[in-house]
1. If you check A:Ile428 against the conditions, is it away from chain B (no Cβ under 13 Å), open to solvent by less than 10 Å² (accessible area, probe 1.4 Å) and either in contact with a Cys (Cβ under 6 Å, 6 or more places away or on another chain) or more than 26 Å from B:Glu241 (Cα to Cα) (or both)?
2. Contact list please: Cβ distance under 7 Å, first residue in region B:33-62 and over 22 Å from B:His88 (Cα atoms) and within 14 Å of another protein chain (Cβ to nearest Cβ), second residue part of a strand (DSSP E or B) and within 16 Å of the ligand (Cβ to nearest atom), pairs at least six apart or on different chains.
3. Tell me yes or no: at least one residue of region B:115-126 is free of Cβ contacts under 8 Å to residues at least 40 places away in the same chain and away from the ligand (no atom under 16 Å from the Cβ).
4. Just give me the residues in region B:139-159 being over 21 Å from A:Trp366 (Cβ atoms) and either β-branched (Val, Ile, Thr) or open to solvent by less than 10 Å² (accessible area, probe 1.4 Å) (or both), in sequence order.
5. From the list A:Lys398, A:Lys374, exactly one residue is at pLDDT 95 or above, in contact with a helix residue (DSSP H, G or I) (Cβ under 6 Å, 6 or more places away or on another chain) and not in a strand (DSSP E or B). Which is it?
6. Look through region B:41-68, keep the residues that are under 18 Å from B:Tyr201 (Cα atoms) and either touching a Lys or Arg at 6+ places or on another chain (Cβ under 6 Å) or not charged (D, E, K, R) (or both), and return whichever of them is nearest to the ligand (Cβ to nearest atom).
7. Please state which one of B:Lys225, B:Lys195 is modelled with pLDDT of 95 or more, farther than 29 Å from A:Ala370 by Cα, surrounded by fewer than 18 Cβ atoms within 10 Å (Cβ to Cβ) and in contact with a helix residue (DSSP H, G or I) (Cβ under 8 Å, 6 or more places away or on another chain).
8. For region A:216-245, which residues satisfy the criterion of being of a type in the set (Gly, Ala, Ser), under 25 Å from the mean Cα position of the chain (by Cα) and farther than 18 Å from B:Tyr12 by Cα?
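The values are calculated or read from the model by the stated rules, or taken from the named source; none is laboratory data. On a predicted model such as this, the values are computed, not experimentally measured, just so you know. Methodologically, a virtual Cβ is constructed for each residue, glycine included, from the backbone with ideal geometry; neighbour enumeration extends over all protein chains shown. Calculation scope for accessible area: heavy atoms of the full protein, side chains included, ligands and nucleic acids excluded. Shrake-Rupley method; radii C 1.70, N 1.55, O 1.52, S 1.80 Å.
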Amino acid sequence: MTLKSTLARTTAKSAHWLLHDVLHRGGTSLPGKLAVSIDPDVLKSIQQDFDLVIVTGTNGKTLTTALITRVLQAGGYEVITNHSGSNMIQGITGTLVTSKIKPSANGKKPVAVLEVDEANVEKIASAIKPKMFVLTNIFRDQLDRYGEIYTTYDKIIAGIKHAPEAVVLANGDSPIFTRGDFPNERRYFGFNHVQPAEYQPGAAPINTDGILSPTDHSVLHYDFITYANLGKYFSTTDQFARPNLRYQVTHVDELTPKYSTFSIDNTPLRIEIGGLYNIYNALTAFAVGREFNVSADQIKTAFESNAQIFGRQEAIHVDGKDVTIVLIKNPVGTNSVIDMMLTEQDDFSMLALLNANYADGIDTSWIWDAEFEKLHDTNIQAVATGGQRYKDIHVRLKMAGFEDQAIYQDLTRIVEAIKAMPTDKVYIVATYTAMLQLREQLGSAGYIKGGF
Amino acid sequence: MATYDISVAHLYGDLMNTYGDYGNIIALKYYATKIGVTMNYHLVSLGDRFDSSAFDFVLFGGGQDYEETIVAEDLKQKATDLKQYIEHDGPLLAVCGGFQLLGHYMVMADGKKVDGIGVMDHFTTNMYDKSLTVLSGKRLTGNIVIKNNDNGEEYHGFENHQGRTFLGQGERALGTVISGNGNNGMDHSEGVIYKNVYGSYFHGPIFTRNGNLAKRVLATTLQRKYPDIDWQSKLNTVPTESF
Ligand SMILES: [Zn+2]
């Protein structure tokens, strides 16, 4: 380690200490900035201290990263990880240079498990050679900010090309990950819970993206689809098909809004969160764990003993009402939430809040690609809408056949809105900044503690 | 009581569907249902024949660059039938990529030139074209408001495109830009009207946010199929969604 890099790290650590321990503010961007300004190669100076795993993709990065962290810790690894708010280069640099890196209990190298924004993969991978890239999924997401899915994947590939030795561990159910010209070894995980007798071969529904075969650009067919364009796909014009899976979901037993039970490679597992998409997150963590020689039993224990990390779908109580808050930001994510609502056995109401600030995506047209019509198959009893773009979401749900809606233009009336719902169970789906405003209201009314 | 229905063709609905275009069908169906008209939906995609006599309304949406090149290739075998449909006053809404491909050609951001089918006279160049005098090299992204020159109606939407479209013979703009950029950021035109074809860059989707336009196109569609009924009066009884 050079004097310059030592100085860079020391400065970053004191800035972090000042921010975090003295001023009680989060944030790792400023320490990252400081360190890089003193030594632009500061990351190179510490890369031998740990193995780097990059987790990237559109949906599920945060929970997947948290799960991988717990799984590797259960296997005796010392793990460094970042917060979802700092998944770009400066935040990540800050995280790495301010972390105390202790030796692993199992005698192996510590592991840095980093959630990385798709557009920042190359910046990280060019500074530190990763040992593994974990690719969750790529869906269209806030096109005004991120662009099209193949452009996003190209950005990730640009990062992969910096580390030809790294293993690419990818979701094999997503056809896009079979594309790309790079020499890295690819290993796949996916779902294989449907017996061949139950296959229903056919094309995906019309509003599904990314369904062309990489070989001859024909429309792919599927033996089964789990959600969106994920599933067991094959070409009807040539030999192209889903690659062999190294890690697979072998059974799906019970899907409820609060938990799921399933098996991966015949190990029965349970996670304390609903939604099939969250089983993908668990599968990804399982696959990474096994790649690092963590046993299936240790992974099972890691899932069971860390129930609190499945907290993203937040459950709170408002005067006897059982309220679940879910973030929505793109069609696939919203459809997954609606699929989760299909597993709700009780009557419920839904409050949908739409904002269109930069962090939400300023283009609201995606709400027309989410299949709100499917809510008619659930036990939904009432719908209310609100947020800055309440008119958009109001008309969307009206045209989906929910004509009778309470409308809340002003989120300061949100507690009142919840209380006015006719059922005990209430789901609130909200875009990012609407969710922050909602939390602020619930916080000042005393229904949730602390900040966010 | 007689029953009325319309058949809708969604051209490449499995590939050209990137920015909420399907919302246009949802909106059309919503207004149709309000006046007792049933809608039948048909996907017409790669390898399928487009039968010009089988449909009362056609939606041709926008897609990602990759899908758009595949569609452009397949579209050639549908060109004659589409031309016939359009020249026989068939109602059609083309958004973004669909709008571009009905013209002579489009140039993608990377400079690749993709042939359209030229059933309409516009062409689309890319944001790096040297002839651009405004906003060269920038995507045209943001909220947009336009005013229809024939009837003064205002339409609201969101645009997000790199392509710059210039209208040709016999084509007039869907509207004049009040705020935003429109077809090319230079001549204040947005979209196109040619016979009963409407083209636009609006991702809004345009029919959901502009019920006035949706109802007008629906009335045209129904009048063409069932000329003895006053559809406009029926539609006037339905509240117009506009935001
Ligand atoms: Zn477009």
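1. In short, no.
2. Cβ pairs passing all conditions: B:Gly62/B:Val95.
3. Among the residues of region B:115-126, at least one is free of Cβ contacts under 8 Å to residues at least 40 places away in the same chain and away from the ligand (no atom under 16 Å from the Cβ), which makes the answer yes.
4. Matches in region B:139-159: B:Ile146, B:Asn148.
5. A:Lys374
6. Checked region B:41-68; the qualifying residue nearest to the ligand (Cβ to nearest atom) is B:Gly62.
7. Going through B:Lys225, B:Lys195 in turn, the sole match is B:Lys195.
8. Listed by number, the list holds a single entry, A:Gly231.
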